[in-house]
1. Take LEU292 and tell me if it is touching a Gly at 6+ places or on another chain (Cβ under 9 Å), surrounded by fewer than 23 Cβ atoms within 10 Å (Cβ to Cβ) and assigned to a helix (DSSP H, G or I).
2. So is LYS57 within 23 Å of the chain's Cα centre (by Cα), outside the structural domain of PHE235 (by TED's automatic domain parsing) and free of Cβ contacts under 8 Å to residues at least 40 places away in the same chain or not?
3. Quick one: how many residues across the range 75-85 are modelled with pLDDT of 95 or more and surrounded by fewer than 16 Cβ atoms within 10 Å (Cβ to Cβ)?
4. Checking GLY94 against (1) under 16 Å from LEU330 (Cβ atoms); (2) modelled with pLDDT under 95, only one condition comes out false. Which one?
5. Of the conditions (1) loosely packed, with under 14 Cβ neighbours inside 10 Å; (2) within 18 Å of the chain's Cα centre (by Cα); (3) not aromatic (Phe, Trp, Tyr), LEU34 clears all except one; give me its number.
6. Can you tell me which of (1) buried (at least 16 other Cβ atoms within 10 Å of the Cβ); (2) within 18 Å of ILE329 (Cβ to Cβ); (3) not basic (Lys, Arg) is the one GLY108 doesn't meet?
7. Can you confirm whether the range 277-289 contains a residue that is part of a loop (DSSP other than H, G, I, E, B) and either within 15 Å of the chain's Cα centre (by Cα) or surrounded by fewer than 23 Cβ atoms within 10 Å (Cβ to Cβ) (or both)?
8. Of everything in the range 202-242, what is among the hydrophobic types (A, V, I, L, M, F, W, C), surrounded by fewer than 24 Cβ atoms within 10 Å (Cβ to Cβ) and not in a helix (DSSP H, G or I)? Give them in sequence order.
Amino acid sequence: MYALWLNKFDFSGNTEAVITWTKGVLEKGLKVHLVLIGVPSPLLGIYQEHLNKAGLKSSLNINRQQVQNLLYYRSFDLLHVYHPDLFNMAGELGSTFKIPWLASVFEGERHENFSFLHKASYITCCNSVSLQVLKGFFYPYNKQNLLLIPQGVTIKPANFSSLEQMSILYAGPLEISHAASFQALNGTVPSLKPCTFGLVSRHKPSTFKRKFYPWTPDLSNIVEGYNIIAGFGYFLLQGISAGKIALILEEKYGGIFSPFHRKQVPDFRAKSQGEDDMAVHKLLSRDLQALLDHLPAAKKLRQDNWSYARENHDLEIIAEKIIRLYSRIL
């Protein structure tokens, strides 16, 4: 079985989630060629090196004609597309080369290109929010070939050391809409002494005076040095899988992630401005201080987070689900 995966780079964490999926199915014996377009020039070499080290066959920043050449000269069995901007292209290529195509949806918001999904062999959603959005889009019709396959992470033994020395890592692109919530966190940290604070982002704000890490496709080594991860989406899932506490912080503050009694697959997002800067600052101060005041509960939360990731997002299990889906289509 040979699959062509088609994705467009963005800073949401979805790019890294797809790369991780690629690693998972490759270890299960599936042949995959990953096409990733739109990679910014300063990051092109970094991502190419990362993919090469992982042993992944890939083509970065190629054009449509080059994608067609891949399909023409190689015997792909199916096409899997991961970005809504490419849904139309995937449908046209699938029709031209007479191979089945399927799409994965990450975001919990409608997109104008959902209209191209009617002809997809299957649509997978990565969380319960996006699944409900797709069901609503197709309503009143009940699209049969729609299912949920969560994002996957590699599960490793975690260190659940005490939270007495608090260390927070913010990971995310820091778009303009994220600035207020990030600055609220940045302003909260000094009151949490002793506390270390690190930032992984595409740029360093002029007001940030602490440890800065440039953008990277692999957070694993950086995450190890912290016990709390702030951000959203796949960035948080990577932290949870390492036994970290997760602060959902995007355009607003979504609270501390808790896996207790969870029946749906979360998207780890906090969209739209919900509070003013001062309200976010107060909520962050309250929640972070509560962690320090209840250290046994904080340690248990870290253990529960790791267990949640192992039970619901283990890459080995997720990769097996993808391969079973492909077998069903073919």
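The values are calculated or read from the model by the stated rules, or taken from the named source; none is laboratory data. Note that the structure is predicted; figures quoted are calculated from it, not measured. All Cβ positions, even for glycine, are placed from backbone atoms using ideal geometry, and neighbour counts span all protein chains on display.
1. Answer is no for this residue.
2. The answer is yes for LYS57.
3. Number satisfying all stated conditions: 2.
4. (2)
5. (1)
6. The number of the failed condition is (2).
7. no
8. PHE208, PHE212, TRP215, LEU219, ILE228
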